[in-house]
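The values are calculated or read from the model by the stated rules, or taken from the named source; none is laboratory data. Since the model is a prediction, treat every value here as computed from it, not as a measurement. We place every Cβ from the backbone using ideal geometry, glycine too, and count neighbours over all the protein chains shown.
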Amino acid sequence: MSFENVDQVLNIKTDMITTLALAAVLLLVGYYVTNKLSFLKRYCIPAPVVGGFIFMLITWIGHFSGAYSFTFDTTFQAPFMLAFFTTVGLGASVQLLKKGGVLLVIYWLIAGVVSVIQNTIGIVVSSLTGLAPAYGLLSSAISMIGGHGAAAAYGKSFAEIGYAQGTLVGAAAATFGLISAVLVGGPLGRRLIEKYDLKPDESENFDTSVTEINVSTGKTLSGLDIIKNVTAILFCMAFGTMVAKWISILINLVSPNPLSLPDYVGAMFTAIIVRNLNEKIKLYEFDYPMVEKIGDVMLALYLSMALMTLKMWELAGLARPMLIVLLCQVVALALFSYFVVFRILGKNYDAAVMCAGLMGHGLGATPSAIVNMTAVNERYGLSRRAMMIVPIVGAFLVDIIYQPVTIWFIATFVKPA
């Protein structure tokens, strides 16, 4: 860390280790504040977001007072993001589709349709409000379905082609989505249940073995087993990065708009292939709980680092049109869930609970979906189908559809600034 005066402003410059250490400290601060303030837990605001926004406020004070500024070395940020999405891919087993049955496939396809609707709203409303299509898409499926991780990754890619506020817009949109998800999801589910006087199906015999696919084997992993799991993650990160570049080349051959596909997309799909190939030929003893914990740590540090380096004052000129896009997203998904999805899923108790879950991960994140459904279940009774299917789709299956859809929208509508 170094300190220097630049135009009478104290500039605090951190190297990559100090930046990482600060991100870790802010992460712990975020957990502390989240545990102390119940409304943050109620709205499922992630600890990295809390810690990051606290530091964003500190940088905002420095900017407007002209007293100090920060310069960060974020070398570790991209690898952490890449590692997280790789672990997401490693959780995607084809067996989940087989165990979840037809209802899982239907819900999965519905989530994919939602991504098309959201991106369409982003493009149409942004054109009406004068917002750049890139920012419109960052306020759509990228942030709503993809969450903070995808928003930051795509935001960075957009920044590289001239949309300087890309990362900030993505972070703000994802946070708005998280809050909206839990404010709207539970009430929507309760409204459906009470309007149609729905009751849980006590006789359901849904295949509970779906929950066993990604559980721990119970075996104690040797040091070599751990190394093999970590090596698989690193291999998918490395090879997936190359895959993303190859896909970018192919897209640019057919699209007039240059596009750099985020590396994590290639890494995630490479990981899906590796996971399912390993289930066939058993290259190594895969341990999902360990891989998931690695992913959780990588995501937490990545988000903390990404958010603490944002300059939120740069968002001022985009606030109004962006807010219009986001409000349209919330209203559209609520109406679609209430009038269409509920009927497609069977117009029963399970369908109502799944609609509450769709509002959760369709606007925020899988934990938001679980919070919504848990609130409904605690009041009206358990929907085993909803509690099994929604997290599976929201956690990773939806990415298989929404990613290609989003890439098409970007290639078609986003031009370098």
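Within region 58-82, can you find the residues that are part of a helix (DSSP H, G or I), within 23 Å of Asp7 (Cβ to Cβ) and touching a residue at least 60 places away in the same chain (Cβ under 8 Å)? Steps first, please.
Within region 58-82, the first condition is being part of a helix (DSSP H, G or I), and the residues that meet it are 58-65, 77-82.
Now restrict to residues that are within 23 Å of Asp7 (Cβ to Cβ): 58-65.
If the condition is that a residue be part of a helix (DSSP H, G or I), within 23 Å of Asp7 (Cβ to Cβ) and touching a residue at least 60 places away in the same chain (Cβ under 8 Å), then Thr59, Trp60, His63, Phe64 are the ones that fit.
Of the residues Ser260, Ser337, which is among the hydroxyl-bearing types (Ser, Thr, Tyr), modelled with pLDDT under 90 and either more than 19 Å from the chain's Cα centre (by Cα) or in a helix (DSSP H, G or I) (or both)?
Working: Ser337 fails: modelled with pLDDT under 90.
After applying the criteria, what remains is Ser260.
Please find, among Val398, Val371, Val405, the residue that is under 20 Å from the mean Cα position of the chain (by Cα) and within 17 Å of Arg190 (Cα to Cα). Talk me through it step by step, then tell me what you get.
On the way: Val398 fails: within 17 Å of Arg190 (Cα to Cα); Val405 fails: within 17 Å of Arg190 (Cα to Cα).
Answer to the check: Val371.
Condition check ((1) modelled with pLDDT of 90 or more; (2) buried (at least 19 other Cβ atoms within 10 Å of the Cβ)) across all residues:
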residue	(1), (2)
Val325	yes, yes
Gln329	yes, yes
Val341	yes, yes
Leu345	yes, yes
Ala352	yes, yes
His361	yes, yes
Val390	no, yes
Pro404	no, no
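Just to be sure before I move on: is Gln95 surrounded by 20 or more Cβ atoms within 10 Å (Cβ to Cβ) and part of a helix (DSSP H, G or I) in the structure I sent? Walk me through how you get there before you give the answer.
Numbers: surrounded by 20 or more Cβ atoms within 10 Å (Cβ to Cβ): no; part of a helix (DSSP H, G or I): yes.
Judged against the criteria, Gln95 is not a match.
Are any residues in region 87-120 at pLDDT 85 or above and over 16 Å from Val341 (Cβ atoms), and if so, which ones?
Those that are at pLDDT 85 or above and over 16 Å from Val341 (Cβ atoms): Thr87, Leu90, Asn119, Thr120.
Just need a number here: residues in region 1-27 that are more than 13 Å from Ala306 (Cα to Cα), hydroxyl-bearing (Ser, Thr, Tyr) and in a helix (DSSP H, G or I).
Number satisfying all stated conditions: 1.
Just checking, does region 64-72 include any residue being surrounded by 21 or more Cβ atoms within 10 Å (Cβ to Cβ) and within 30 Å of Phe239 (Cβ to Cβ)?
First, pick out the residues of region 64-72 that are surrounded by 21 or more Cβ atoms within 10 Å (Cβ to Cβ): none.
Within region 64-72, not a single residue is surrounded by 21 or more Cβ atoms within 10 Å (Cβ to Cβ) and within 30 Å of Phe239 (Cβ to Cβ).
Yes/no per residue for (1) in contact with a strand residue (DSSP E or B) (Cβ under 6 Å, 6 or more places away or on another chain); (2) under 17 Å from Val393 (Cβ atoms); (3) free of Cβ contacts under 8 Å to residues at least 60 places away in the same chain:
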position: Arg320; (1), (2), (3): no, no, no
position: Ile324; (1), (2), (3): no, no, no
position: Phe342; (1), (2), (3): no, yes, no
position: Lys347; (1), (2), (3): no, no, no
position: Asp350; (1), (2), (3): no, yes, no
position: Thr366; (1), (2), (3): no, yes, yes
position: Ala369; (1), (2), (3): no, yes, no
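Only one of Ala159, Ala172, Ala153 is part of a helix (DSSP H, G or I), over 22 Å from Val341 (Cα atoms) and without any contact (Cβ under 8 Å) to a residue 40 or more places away in the chain. Can you tell me which? Walk me through how you get there before you give the answer.
Working: Ala172 fails: without any contact (Cβ under 8 Å) to a residue 40 or more places away in the chain; Ala153 fails: without any contact (Cβ under 8 Å) to a residue 40 or more places away in the chain.
None of the other options fit; the residue is Ala159.
Could you go through region 24-34 and let me know if any residue there is in contact (Cβ under 8 Å) with a residue 40 or more places away in the chain and hydroxyl-bearing (Ser, Thr, Tyr). So that I can check it myself, show each step before the final result.
So in region 24-34, the residues in contact (Cβ under 8 Å) with a residue 40 or more places away in the chain come out as 24, 26-27, 30.
After this cut, where a residue has to be hydroxyl-bearing (Ser, Thr, Tyr) as well, the list is none.
No, the conditions are met nowhere in region 24-34.
Identify, by number, the condition in (1) more than 30 Å from Asn276 (Cβ to Cβ); (2) in contact (Cβ under 8 Å) with a residue 12 or more places away in the chain that Ser143 doesn't meet.
(1)
Answer with yes or no whether Ala411 is among the small types (Gly, Ala, Ser), surrounded by fewer than 24 Cβ atoms within 10 Å (Cβ to Cβ) and under 21 Å from Leu137 (Cβ atoms). Give the derivation first.
Values: among the small types (Gly, Ala, Ser): yes; surrounded by fewer than 24 Cβ atoms within 10 Å (Cβ to Cβ): yes; under 21 Å from Leu137 (Cβ atoms): yes.
Yes: the conditions hold for Ala411.
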